[in-house]
1. Residue by residue through the stretch B:59-115, note down the ones that are under 45 Å from the mean Cα position of the chain (by Cα) and of a type in the set (F, W, Y).
2. State the number of residues belonging to the stretch B:351-395 that are surrounded by 12 or more Cβ atoms within 10 Å (Cβ to Cβ) and in a loop (DSSP other than H, G, I, E, B).
3. Would you call B:V201 modelled with pLDDT of 95 or more and either over 24 Å from B:R132 (Cβ atoms) or surrounded by 20 or more Cβ atoms within 10 Å (Cβ to Cβ) (or both)?
4. Answer yes or no as to whether A:K54 is of a type outside the set (A, V, I, L, M), surrounded by 13 or more Cβ atoms within 10 Å (Cβ to Cβ) and touching a His at 6+ places or on another chain (Cβ under 8 Å).
5. For the condition at the interface with chain B (Cβ under 8 Å from one of its Cβ atoms) and out of contact with any helix residue (DSSP H, G or I) (no Cβ under 7 Å at 6 or more places or on another chain), what is the one hit in A:E29, A:E35, A:E52, A:E68?
6. Among B:K31, B:K67, B:K62, which is without any contact (Cβ under 8 Å) to a residue 24 or more places away in the chain and open to solvent by 80 Å² or more (accessible area, probe 1.4 Å)?
7. Restricting attention to the stretch B:232-250, does a residue exist that is under 25 Å from B:K138 (Cα atoms), out of contact with any helix residue (DSSP H, G or I) (no Cβ under 9 Å at 6 or more places or on another chain) and surrounded by fewer than 23 Cβ atoms within 10 Å (Cβ to Cβ)?
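The values are calculated or read from the model by the stated rules, or taken from the named source; none is laboratory data. Because the structure is a prediction, the values reported are computed rather than measured. Quick reminder, even Gly has a Cβ in these numbers, built from the backbone with ideal geometry, and neighbours come from all protein chains shown. Side chains are part of the model used for accessible areas, which takes the heavy atoms of the whole protein and leaves out ligands, DNA and RNA. Shrake-Rupley method; radii C 1.70, N 1.55, O 1.52, S 1.80 Å.
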Amino acid sequence: MSKENFEETMTKLEEIVTELENGNLNLDESVQKFEEGMQKAKQCNKMLEEAEKKITILLEKDGEITEENFDAE
Amino acid sequence: MKYNAVTVTQLNKYIKDRFDEDENLNAILVKGEISNFKNHYTGHLYFTLKDENSLVKCIMFKSYAEKLAFKPTDGMKVMVFGSVSVFERDGVYQIYVKTMMEDGMGDLHEQFEKLKAKLEKEGLFDQTHKKRIPLYPKVVGVLTSQTGAVIRDIINVSTRRNPNVHIRLLPVPVQGPGAAEQIAEKIKIMNEKKLADVIIVGRGGGSLEDLWPFNEEIVARAIYESELPIISAVGHETDFTIADFVADLRAPTPSAAAELAVPDVYELKEKIISYQNRIRQSLKKKIELMKLRYEKCMKSRVFTDPTRNIKDRYIILDTYIKRLETRIRNIQKDKQTRYVEIVAKLDALSPLKTLTRGYCLTEKEEHIIKSAKQLKADDEIKLKFYDGEKNAKVL
């Protein structure tokens, strides 16, 4: 699964903004870019929302690494 | 008198046995400064250990030398552990070193400068080798002590910037013997198992000795070889370590490292919203522009008075037709005049007029007879009068 990461999606969004603002596209292309841009923005937001707070500690035992929740207090 | 001499070999054997029997010499810890260091191609290390007054030869076999975590060099103050024995062939005693560790830090500043110069020359600090820190790492790996302010600061700053951040702490000792090896090892583990998108390696402030693991070559090399981008955060703003020079990004403090590694989600969201607005504005502008163009077209005479052109053409057509009619009439008139003239002339010349006065035309076989000689008796002729004709026969 080669899913775009946040940075790549954000970069594409920025490119679309620039392209649209340059105004060299015809109306059809503009509408298409608009839809694509809105889609990218949605994806970015989704990726930000998707993340879940996790503070974990990796423990090594006999060469095996296990992950546990970590409480810094 | 009989001399009871022993051979050199016997002597050296005797002395060797004496040494080997001595418990103190079998397991001894000696400290001194390395000189005359030779790394033999076989992998064995030969050197001399000295202090102000004396020196002793040392050998460290390959199997032991391989396990060394550092590279001994001339002038290094070390402690060696091993046994003292005699090399019979040469009649010398030497320390057979099993392990060696750096004794104190010696002149740390000098070591720091030396290592820095060496690694810089090797290209470990090259900007071109530095990896970019990802804009939005999914997992932030942290290599530091499990206890203390550093990890707490990093967690606090990170969660403030992104409440949904994922921080993965891989605890390492950050000072004391073995810390450097541990740090290097853990950097490798993070890389091998791809446990993070970016790694913060750091510790809080302390003395130069405390910070020393971050000035060790093994850590520098591990950072250099790491495929995951590394942010160094060692001590305070004024503390610079070798790790800082090799790292892809140097943070002045652990809190600053968290700021560099974790993007502010609220800022990112603002940015996305502003992009969305700009996209909307652009499209709106485009559509308005199109509308203006459309309206301009619609205002053109072609659309406001579409029959106007046709009407204009009609008018032109009508004038043409009028001119044509006049012209035809004129031609007709001319021809008529000419006709009347010709008819009058014709009339004047017409034999018919003469016929009315009592003349007649004589024809024979459709030919007009102009002379009596043309006729003979019994010729059938036709006499044409003004009002008709009669057949006749010449007598």
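1. Scanning the stretch B:59-115 gives B:F70, B:F112.
2. Total satisfying the criteria: 7.
3. Values: modelled with pLDDT of 95 or more: yes; either over 24 Å from B:R132 (Cβ atoms) or surrounded by 20 or more Cβ atoms within 10 Å (Cβ to Cβ) (or both): yes.
It is true that B:V201 is modelled with pLDDT of 95 or more and either over 24 Å from B:R132 (Cβ atoms) or surrounded by 20 or more Cβ atoms within 10 Å (Cβ to Cβ) (or both).
4. So A:K54 fits the description; yes.
5. Details: A:E29 fails: at the interface with chain B (Cβ under 8 Å from one of its Cβ atoms); A:E35 fails: at the interface with chain B (Cβ under 8 Å from one of its Cβ atoms); A:E68 fails: at the interface with chain B (Cβ under 8 Å from one of its Cβ atoms).
Answer to the check: A:E52.
6. Values: B:K31 fails: without any contact (Cβ under 8 Å) to a residue 24 or more places away in the chain; B:K67 fails: without any contact (Cβ under 8 Å) to a residue 24 or more places away in the chain.
Of B:K31, B:K67, B:K62, the one residue that is without any contact (Cβ under 8 Å) to a residue 24 or more places away in the chain and open to solvent by 80 Å² or more (accessible area, probe 1.4 Å) is B:K62.
7. no
Quick grid of which residues meet (1) assigned to a helix (DSSP H, G or I); (2) farther than 25 Å from B:A65 by Cβ:
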{"residue": "B:K118", "(1), (2)": "yes, no"}
{"residue": "B:L124", "(1), (2)": "no, no"}
{"residue": "B:Y136", "(1), (2)": "no, yes"}
{"residue": "B:V142", "(1), (2)": "no, yes"}
{"residue": "B:V150", "(1), (2)": "yes, yes"}
{"residue": "B:S158", "(1), (2)": "yes, yes"}
{"residue": "B:N164", "(1), (2)": "no, yes"}
